[in-house]
Amino acid sequence: MSQNREKRSVPRSVATRTAIMLALLLALSPRAEAAQWVATWGAAPLPPGPAMGPFPATPSFSNQTIRQVVRVSAGGDRLRVRLTNEYGARPLTIGDARIALIGADGEIDARTVRPLTFAGRPVAVIPAGAPMLSDAVDLPVRSLSSVSISLYLPEDTGACTCHATGLQTAWVSESGNFVDKAFTAKHTIESRAFVSGVEVQTTAPASVIAVLGDSISDGVGSTLGANRRWPDLLAERLAERHGSSAAWSVVNLGISGNRLLHDGAGESALARFDRDVLSLPGVKYLVVFIGVNDLGVSYGNPAGPMADILRSLRPANPVTADAMIAGYRQLIERAHGRGLTVLGATIAPYEGALYYSAQGEAVRQAVNNWIRTGKAFDAVLDFDAAIRDPTRPTRIAEEWHSGDHLHGSDAGYRVLATSIDLSLFR
């Protein structure tokens, strides 16, 4: 009996040694990254509004197809789309949907057309006040690729949950479902209609940079359809630096006319922060570049077609530097609570803009001084210094604004993007 026990003990010893060796090999070998979802494109949704000056009223649709194009920043192996009915007064029916890649010729690559489904079904009803994620689609996409999203809306949508300043042509059909075929547009729009985000799944190390801003981040003044907003150009710099070794995405959450402290052109930055920034999968960095509209609306004496609108938005008491600093501190604390690194951008010059004033300029100088020296932000992007006229620092350099002394030109937005030290993003 003792001999049998001794013989049986040998394989147990060998098995133990083998298990230890395998564990060591696994511990020392390179480990594949787990697949993760990250935001790669976004557009902050806005409530419907009436026509304002040169801007049309929010559109509605019925028994029509909308085809939209977005350019992702980070690439991945799979995609999913975030649709929005967050400001809808009624449920929104998606009757059919397709996603596809845009080829080098600017046309849809027919080989890449995929149906979008929702819980396995081609039809979805998005409740009023809600977003909805599509199912994942197996469709590898490279960084900086353009993607086509086609939605068929069989019922009256009411005024859409849109992002007003899309700076990208979208095509709206005559009556009918054209998600899987070419169509002649009844008309075009430049809004983002019912689409607020695209996410990719990747196994590469991934980081998302969220940009919380106004029309200067939204890209007003840049070339339509050319992706020359400064966040687009930052995404290009990051893609060139990292190649396929990491997935870096820049999600632009600028809203034209938006303010830090008060609603008006959408909810204030403070009010929309949790939805637009903290909900993004993979977000690690936040760039805060907002405040010029707080100054212009509070202190400006505008003239022209927008004068009455701007006056209607004026708060009962003009904003102060202390109030704006308190607002920035709120964003910083809320972001730090989620582990984000927060970069503060100085407010750019705006003398010559329709709502410029000496009082607003004084507050801008005080706020910028605090951004630079207050040490509340983890890092500072000095956009003021980058784009101002050195001979008249209260103005944007003549060659870098789009004609209104407020928004950048393509060249001006490139100046902002190239002024950013990429080593801040690790």
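For region 195-227, which positions are among the hydroxyl-bearing types (S, T, Y) and either assigned to a loop (DSSP other than H, G, I, E, B) or touching a Cys at 6+ places or on another chain (Cβ under 7 Å) (or both)? Once the filter is applied, which keeps residues that are among the hydroxyl-bearing types (S, T, Y) and either assigned to a loop (DSSP other than H, G, I, E, B) or touching a Cys at 6+ places or on another chain (Cβ under 7 Å) (or both), region 195-227 yields T203, S222, T223. Please tell me if L153 is surrounded by 24 or more Cβ atoms within 10 Å (Cβ to Cβ), of a type outside the set (S, T, N, Q), touching a residue at least 24 places away in the same chain (Cβ under 8 Å) and more than 23 Å from K284 (Cβ to Cβ). Yes; evaluated as a whole, the condition is true for this residue. Restricting attention to region 342-363, does a residue exist that is over 28 Å from S279 (Cα atoms), buried (at least 17 other Cβ atoms within 10 Å of the Cβ), assigned by TED's automatic domain parsing to the domain that holds R241 and in contact with a Lys or Arg (Cβ under 6 Å, 6 or more places away or on another chain)? Checked against the condition, which is being over 28 Å from S279 (Cα atoms), buried (at least 17 other Cβ atoms within 10 Å of the Cβ), assigned by TED's automatic domain parsing to the domain that holds R241 and in contact with a Lys or Arg (Cβ under 6 Å, 6 or more places away or on another chain), region 342-363 yields at least one hit.
So S175 fits all but one of (1) in contact (Cβ under 8 Å) with a residue 60 or more places away in the chain; (2) surrounded by fewer than 18 Cβ atoms within 10 Å (Cβ to Cβ); (3) under 20 Å from the mean Cα position of the chain (by Cα); what number is the exception? So the condition that S175 fails would be (3). If you go through region 106-129 and keep only what is loosely packed, with under 11 Cβ neighbours inside 10 Å and not in a helix (DSSP H, G or I), you end up with G106, A119, G120, R121.
Taking the listed residues S249, S279, the one that is farther than 24 Å from P50 by Cβ, among the polar types (S, T, N, Q), in the same structural domain as P318 (by TED's automatic domain parsing) and surrounded by 24 or more Cβ atoms within 10 Å (Cβ to Cβ) is S249, with no other qualifying. Scanning region 373-397 for residues being within 24 Å of Y299 (Cβ to Cβ), over 25 Å from the mean Cα position of the chain (by Cα) and not hydrophobic (A, V, I, L, M, F, W, C) gives a total of 8. Considering L295, L270, L261, the condition of being closer than 24 Å to A321 by Cα and buried (at least 24 other Cβ atoms within 10 Å of the Cβ) is satisfied by L295 alone.
Please enumerate the residues belonging to region 96-105 that are within 28 Å of T58 (Cβ to Cβ) and either surrounded by fewer than 18 Cβ atoms within 10 Å (Cβ to Cβ) or among the hydroxyl-bearing types (S, T, Y) (or both). Scanning region 96-105 gives a single hit, I102. Only one of the listed residues (L234, L286) is assigned to a strand (DSSP E or B) and not assigned by TED's automatic domain parsing to the domain that holds L133. That residue is L286. Any residue at all in region 384-407 that's closer than 21 Å to V342 by Cβ, in the same structural domain as I332 (by TED's automatic domain parsing) and of a type in the set (K, R)? There is no residue in region 384-407 that is closer than 21 Å to V342 by Cβ, in the same structural domain as I332 (by TED's automatic domain parsing) and of a type in the set (K, R). With the structure loaded, tell me whether V415 is farther than 27 Å from T320 by Cα, among the β-branched types (V, I, T) and either part of a strand (DSSP E or B) or in the same structural domain as G291 (by TED's automatic domain parsing) (or both) or whether it fails that test. Considered against the rule, which asks whether it is farther than 27 Å from T320 by Cα, among the β-branched types (V, I, T) and either part of a strand (DSSP E or B) or in the same structural domain as G291 (by TED's automatic domain parsing) (or both), V415 comes out as yes. Against the conditions (1) touching a residue at least 60 places away in the same chain (Cβ under 8 Å); (2) assigned to a helix (DSSP H, G or I); (3) not β-branched (V, I, T), R329 satisfies every one except (1).
Taking Y350, is it among the hydroxyl-bearing types (S, T, Y), in a loop (DSSP other than H, G, I, E, B) and free of Cβ contacts under 8 Å to residues at least 60 places away in the same chain? So Y350 fits the description; yes.
The values are calculated or read from the model by the stated rules, or taken from the named source; none is laboratory data. This is a predicted model, so every value here is computed, not measured. Ideal geometry is used to build each Cβ from the backbone, glycine not excepted, and the neighbour counts take in all protein chains shown.
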